[in-house]
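The values are calculated or read from the model by the stated rules, or taken from the named source; none is laboratory data. Here the structure is a predicted model, which means the values were calculated and not measured. We place every Cβ from the backbone using ideal geometry, glycine too, and count neighbours over all the protein chains shown. We work out accessible area using only protein heavy atoms, side chains counted, and drop any ligands, DNA or RNA first. Shrake-Rupley method; radii C 1.70, N 1.55, O 1.52, S 1.80 Å.
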Amino acid sequence: MKKQSEGRVHYLTIDPDYAGQRIDNFLLTRLKGVPKTRIYRILRKGEVRVNKKRIDPSYRLQAGDQVRVPPVQMSEQTAPETPSRSLMTLLSQRILYEDNQLFIINKPSGIPVHGGSQVKIGIVEALRCMYPKLPHLELAHRLDADTSGCLVLAKKRGVLKELHQLLREGKMRKIYWALTKGHWKSTELRVDVPLQKNHLSSGERIVKVDQEGKSSLTVFVPLETFAGMTLVEAHLHTGRTHQIRVHAQYRHHPIAGDPKYGDKTFNKQMREQGLKRLFLHANSIEFLLPSTGEVVRVSAPLDADLKACLTGLS
């Protein structure tokens, strides 16, 4: 990557190694010390340009792109944040799979995948501190902070590009478990409605069903029914932000413990039964990595609190 100017505004030429990376992820890595909310603000206001054009935060960079990066307030005087020993111990215990190309961890609920203005250290920052010899360690995809389960991180830029390609082509099989309100009818299980993502002034993301949005498909499979609720598998055929949560809400079967898209009365009922979090878990992931020819299949066991919740309902 070549810097084209040393002025206050920087112009960067994207190397092939960075092709396919989302512009927001690129800036989060490039602009160390800049709050996440600030990065999304400059994207929304059009201060970041690619080839002289405004772009969406989800824009994927291409080799040769010219990126305009405006002057931003850095926090260079602040000592870099380091993860707590307890967080590092927790993550080391939750590594499900590792080879020379990638990590897959059972992400804990309540910890964001990357740091921001409110939480300085996320999963990826903590793992970079734990593995200083892996400077290019990057998230292959995201999970919401309250979601647990399989999270993939690439150790090399080339592997990251492969994983992004698999995601774009629908060749990464991801299955989630969710506890939902009510009992599903067979006609409700396939949810094929477009989703539109918006950012509020606070930087918070909100997603709604919108015909102007991106195509989105989730297939739900009931696993077990309880009084007034159902444990389902959710098969993702696309990977939109908050997709499972919004599609479940759309079918009037919101996920237990969902503070944004859920049912307040249902959530209160579940809290009284001991559920303190969103009941959404990335249960398994499967894909073939082209560069190695290896098929990776990994499952993440349910956390004790979710197991206890199901036991209490039986």
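How would you rank 235-247, 287-299, 34-46, highest first, on the average number of other Cβ atoms within 10 Å across their residues? Provide the component values of the computation, followed by the final result.
Details: 235-247: 20.2, 287-299: 13.4, 34-46: 16.8.
By packing density, highest mean first, the sequence is 235-247, 34-46, 287-299.
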Multiplying the sequence separation of Val219 and Arg44 by 0.36 nm and subtracting their Cα-Cα distance, what value in nm do you get? 59.8 nm
Quantify, in whole percent, the carbon and sulfur part of the accessible surface of the chain (1.4 Å probe; protein heavy atoms only). 49 percent
Below 8 Å between Cα atoms, with a sequence gap of 6+, how large is the relative contact order for the stretch 110-264 in percent? 18 percent
Given a Förster distance of 30 angstrom, what is the FRET efficiency for Leu200 paired with Asp305, based on the Cβ-Cβ distance and rounded to 0.05? 0.50
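Using only alpha carbon pairs under 8 Å that are at least six residues apart, calculate the relative contact order of the chain and give it in whole percent.
Working: 618 pairs, mean separation 44.2, N = 314.
Value for the chain: 14 percent.
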Sketch the reach of a paramagnetic label on Thr187 as a point 7 Å from Cα along Cα-to-Cβ, and name the residues of the stretch 244-287 whose backbone nitrogen lies under 15 Å away. 251-252
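Once you have a ≥ b ≥ c as the square roots of the Cα gyration tensor eigenvalues for the stretch 50-177, tell me rounded if a/c is under 1.5, and otherwise prolate or oblate according to whether a/b is larger than b/c. Don't skip to the end; give the middle numbers.
Numbers: a/c = 1.72, a/b = 1.16, b/c = 1.49.
Oblate.
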Taking N as the residue count of the chain, its alpha carbon Rg divided by 2.2 N^0.38 Å gives 1.03
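Write down the accessible area per residue of the chain in Å², having rolled a 1.4 Å probe over the full set of protein chains.
Working: 15690 Å² over 314 residues.
Per-residue accessible area for the chain comes out at 50 Å².
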Per the rule of 0.36 nm per residue minus the C-alpha distance, extending His237 to Met130 adds in nm 35.2 nm
Set of aspartates and glutamates near Lys268 by C-alpha distance (under 19 Å), chain-local residues within fewer than 8 positions excluded: Asp146, Asp258, Asp305
Return the inverse of the average 1/r over all pairs of distinct C-alpha atoms in the stretch 99-154, which is the Kirkwood hydrodynamic radius, in Å to one decimal. 11.4 Å
